[in-house]
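The structure appears below as structure tokens.
Where a number appears in this text, it was derived from the coordinates with a stated rule and is not lab data. Quick caveat, the model's predicted, so the values are computed rather than measured. Note: ideal-geometry Cβ built from the backbone for every residue, glycine included; neighbour counts use all protein chains shown.
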Amino acid sequence: MKNLAVLITLVLLTAACQTETESPVDETSTNITEQSLMGPIETMSSDEFEGRGTGSPGQEKTVDYLVAQFKEYGLQGGMDDGSYVLDVPLTGQKTNPESTVKIIQNGQQIHSFDYKSDFMAWPANMSENIDVNGADLVYVGHGIQAPEENWDDFKGMDVKGKILVVKNNDPSSSEDLFKGNTRLYYGRYDYKYEKARELGAAGVLIIHTTPSAGYGWNVVSNSWSSEQFYLKGDDEAENGSTKFNGWLTKEASQMLFESAGLDLQTQMDAAGDQNFEPVPMGRLKLSLSLQAGYRSIDAKNVLGMVEGSNAELNDEYLVYTAHYDHLGITSPVESDSINNGALDNAAGVSAVLNMAKQFKQIQSQIDRSVLFLLVGAEEKGLLGSKYWAANPTVPPGKVTANINIDGMNVYGKTDDMVLIGYGRNSVSDVFENLAKEQGRTVKPDPHPDRGYFYRSDHFPLAKKGIPAIFPNAGSEFVDKPADYKATVDSLETANYHTVNDEINEYWDPAGMLQDTRLFFKAGYRILNADSLQTWREGDEFKQARQESLGK
């Protein structure tokens with residue numbers, strides 16, 4: 001009998017240890033496999049889906065596919081009436097590429113810049129025809145007015161009716177200004193265009209360099225030459241005084257500055273000083289005519305939900321976001337015109353689909369509810385997520401956190417992971433703790449100068465106060481050649497926003513599996529946490545959170 005008692009005790013202790021170390025999420029996460037992740041990617045990035053362009057037949061095919069997946073998994077629709085689709089009303093704008101920028105000096109044309117190869121531009125005020133005839137040009141450095149930084153690039157100059165030539169990014173010459181090398185919203189092209197509109201400029205051209213943008217000119221020309229979209233009812237876009245927005249290549253910019261008797265690099269360096277003053281570009285004048293056509297079209301967000309089992313907490317939500325759209329069909333490159341968007345972002349959507357399926361399996365084990373928000377028109381300016389943030393299906397103050405998946409690690413396992421937004425909120429802590437348990441490390445954004453926090457769908461939610469995180473792939477690859485990171489970097493540079501974003505021989509879904517399981521477990525902990533997630537004191541979104549909570 002004594003031996004039997006000892007045996008029973010050992011069995012009970014073993015069971016207790018297993019219960020302590022294993023949770024429903026551990027077991028269920030094993031149902032997420034490399035095969036289950038690759039399936040949706042292969043489907044959505046196939047030519048049949050035509051690159052999933054906004055307002056295209058490919059968008060409709062994608063939405064039908066996503067709704068069917070949610071229904072198959074047994075998820076509720078995320079709309080109030082139980083349906084799965086939120087229409088996002090847009091105006092589509094297609095600019096005629098048959099246009100040139102003419103630079104005039106002393107009444108004579110000295111330069112002619114060609115659309116797409118030298119510049120990109122489009123009507124900024126939703127006009128069908130815009131004409132700029134002999135407007136003055138002025139270089140305004142970064143084009144920033146930031147009272148909290150005691151920074152004003154305009155120094156009181158009246159720029160109404162002028163063309164602003166603007167440096168990309170924000171100042172990074174001092175750690176004491178604009179968070180040093182970290183790009184803030186001031187460094188985004190959106191801000192440059194908004195400031196030009198606010199000050200009544202006739203147009204704005206951003207000087208493109210690959211280091212300052214974080215991507216090559218091919219990305220600018222490919223992205224902005226396709227149909228552009230705007231949320232309907234955007235009064236500023238529809239009624240602003242600015243006639244056009246645009247970009248100018250570095251090469252064209254050098255020619256422009258030389259003709260004004262200026263050195264481009266010297267002027268760009270000067271923009272890093274608080275004492276910078278606007279530089280009129282001599283007697284140079286700019287002329288440009290643009291024609292654009294318009295149509296009304298709806299983008300669509302797809303929403304699925306798993307309701308929490310705790311009656312006191314299931315009116316609070318964790319939101320997973322991922323954008324399903326890509327660039328659609330553009331100009332052919334070696335006979336290929338379909339931008340399949342396998343990595344960007346069929347991979348992220350597949351991760352969310354896989355997690356949705358498994359959260360449904362452990363519905364009885366989660367306290368809060370989880371909303372899966374698959375948004376459209378991200379590539380057109382985060383329009384799907386902006387629309388949801390302005391018209392939320394659940395109150396932002398009831399959303400504990402947002403985990404945004406935009407791209408995945410498709411090149412193999414890593415010992416690390418990057419978090420865009422590292423350390424800014426308690427969601428970051430959840431990820432860091434889980435990574436430690438996996439024997440991995442979490443790192444901050446290695447390219448803070450590129451402003452990734454303001455470039456994906458978590459940003460509109462963060463502006464509403466929702467604690468948000470944007471996990472990215474690590475770089476310390478396991479069981480790969482020593483130069484593998486350089487290979488991956490070159491692949492991503494070559495494939496980003498091009499027809500080359502397809503599944504290729506370098507893909508190793510083991511890394512995607514590793515990360516998706518971590519995202520799943522992070523969600524489980526957040527859903528069952530004692531309290532809502534929070535921003536750190538002093539964070540720029542802390543006040544919005546307080547307001548959403550009624551504090």
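Taking the Cβ-Cβ separation of Met157 and Glu34 as r and a Förster radius of 60 Å, what is the calculated FRET efficiency to the nearest 0.05?
Numbers: r = 58 Å, r/R0 = 0.97.
That pair, Met157 with Glu34, gives E of 0.55.
Simple point charges give the picture: +1 on the Cβ of Lys and Arg, -1 on the Cβ of Asp and Glu, and for region 93-294 a dipole about the Cα centre of about 460 debye. Counting neighbouring Cβ atoms within 10 Å and putting the fewest first, the residues Glu540, Glu432, Glu72 line up as Glu72, Glu540, Glu432. Altogether, the Stokes-Einstein calculation at 10 °C and 1.306 mPa s, with the Kirkwood radius of region 93-294 over Cα pairs as Rh, returns a diffusion coefficient of 93 µm²/s. To the nearest ten degrees, helix 2-21 and the longest principal axis of the Cα atoms of the chain are 10 degrees apart. The share of C-alpha pairs in region 496-551 whose separation exceeds 19 Å stands at 61 percent.
Nearest 500 deg cm²/dmol is fine: what mean residue ellipticity at 222 nm does the chain get from its DSSP H runs of n ≥ 4 alone, each adding -39,500 (n - 2.57), divided by its residue count?
Numbers: 17 runs with 176 residues, N = 551.
Dividing the helical sum by the residues of the chain leaves -9500 deg cm²/dmol.
Between Ala346, Gly407, Phe229, the Cα set farthest toward the positive side of the dipole of the chain (charges on each charged residue's Cβ, about the Cα centre) is that of Phe229.
With 21 Å as the limit on Cα-Cα distance, the pairs of Lys179/Lys542; Lys71/Lys463; Lys102/Lys195; Lys167/Lys463; Lys357/Lys521; Lys116/Lys195 that go past it are Lys71/Lys463; Lys102/Lys195; Lys167/Lys463; Lys116/Lys195. The aspartates and glutamates within cross-link reach of Lys162, meaning a Cα-to-Cα straight distance under 20 Å and a gap of 8 or more places when in the same chain, are Asp131, Asp136, Asp152, Asp153, Asp190, Glu194, Glu198, Glu236, Glu238, Glu258, Glu277. Once the C-beta distance of Glu42 and Glu437 is scaled by a Förster radius of 41 Å, the resulting FRET efficiency is 0.85 to the nearest 0.05. The GluC sites (Glu not before Pro) of region 477-526 meeting both criteria, a DSSP state outside H, G, I, E and B (loop) and at most 15 other C-beta atoms within 10 angstrom of the site's C-beta, are Glu505. A DSSP coil position with no more than 16 other Cβ atoms inside 10 Å describes the following GluC sites (Glu not before Pro) in region 167-213: Glu175. Dividing the convex hull volume of the alpha-carbon atoms in the chain by its residue count gives 173 Å³ per residue.
How compact is region 411-548 by the rule of thumb for globular proteins, expressed as Cα Rg over 2.2 N^0.38 Å?
Numbers: Rg = 16.3 Å, N = 138, 2.2 N^0.38 = 14.3 Å.
For region 411-548, the normalised Cα radius of gyration is 1.14.
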